[in-house]
1. Given the criterion surrounded by 14 or more Cβ atoms within 10 Å (Cβ to Cβ), within 19 Å of residue 97 (Cβ to Cβ) and at pLDDT 95 or above, identify the matching residue among 135, 159.
2. Can you go through 80, 35 and tell me which one is closer than 30 Å to residue 147 by Cα and in contact with a Ser or Thr (Cβ under 8 Å, 6 or more places away or on another chain)?
3. Has the stretch 93-111 got any residue that is within 10 Å of the ligand (Cβ to nearest atom), part of a loop (DSSP other than H, G, I, E, B) and more than 27 Å from residue 162 (Cβ to Cβ)?
4. Out of everything in the stretch 138-156 that is in a helix (DSSP H, G or I) and acidic (Asp, Glu), what residue ends up being surrounded by the most Cβ atoms within 10 Å (Cβ to Cβ)?
5. Among residues belonging to the stretch 3-43 that are exposed (fewer than 12 other Cβ atoms within 10 Å of the Cβ) and of a type in the set (Val, Ile, Thr), point out the one that is nearest to residue 78 (Cα to Cα).
6. I'm checking my understanding of the structure. Among residues of the stretch 83-92 that are surrounded by fewer than 17 Cβ atoms within 10 Å (Cβ to Cβ) and within 13 Å of the chain's Cα centre (by Cα), which one is farthest from the ligand (Cβ to nearest atom)?
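The values are calculated or read from the model by the stated rules, or taken from the named source; none is laboratory data. Note that the coordinates shown come from a computational prediction; the quantities given were computed from them, not determined experimentally. Backbone-built Cβ (ideal geometry, glycine too); neighbour counts: all protein chains shown.
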Amino acid sequence: MRYVVNWPARMEEMASFVGLDEDAKGLIRASAPMIDEHAKALTDAVYDHFMGYPQARKFFLTETGEVDEERLARRKHTLIRWLRETAASDLDERFAGYLLAMGVSHGYPPAHREHLGPVPSRHIIGTISFVQSAIGDLLLREMDDTELALRTSMAWNRILMVELVLLLAGYITEPDGTP
Ligand code: HEM
């Protein structure tokens, strides 16, 4: 049996499921400059964290086992871009495609890193959680209005959960084999 998933429609369904409404999207957009201002520190923290776990660290080492600073710098840059894209996203078809391609490149490694295997799904999940908490901390620290910080943090939590569903599209099938 062949299954076809309409991913933009599924993304929309998930947005509705988690309560990512227009208000929440507005809060995310409004916080974009603040997130952008701290994006470097945030992504540094993500990668420092990766390096503490051998199954994550191995993706960022040279063939001789040293930290590959050049690759790390490239990855940090793409993560900053991802945060920007997220903040500006109107969850359209292009954005769904962007997330699906990202998920595939983690789950189905290209030839040059085939020997490392897929990035473990638990680390993708953990990264989303890490970023949610880091953004929550940042908003609480930087915003004078605590209630607004909390509501903005909740909005980010929601959009990142929606993203997780698409990032893991190539990893997860239901027990009956459906995607
Ligand atoms: C929320 C989770 C994550 C996001 C949003 C993310 C984002 C990205 C992006 C945008 C790229 C570049 C474009 C692409 O190849 O599709 C990338 C590549 C990559 N990411 Fe991630 N990433 C995440 C988690 C992880 C984790 C947990 C690891 C490993 C511990 C990892 C390892 C890599 C590697 C190895 C590449 C390709 C590097 C290369 O071939 O030079 N990523 N990631």
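1. 159
2. Just a single option satisfies the conditions, and that option is 80.
3. no
4. 142
5. So the residue we want is 5.
6. 84
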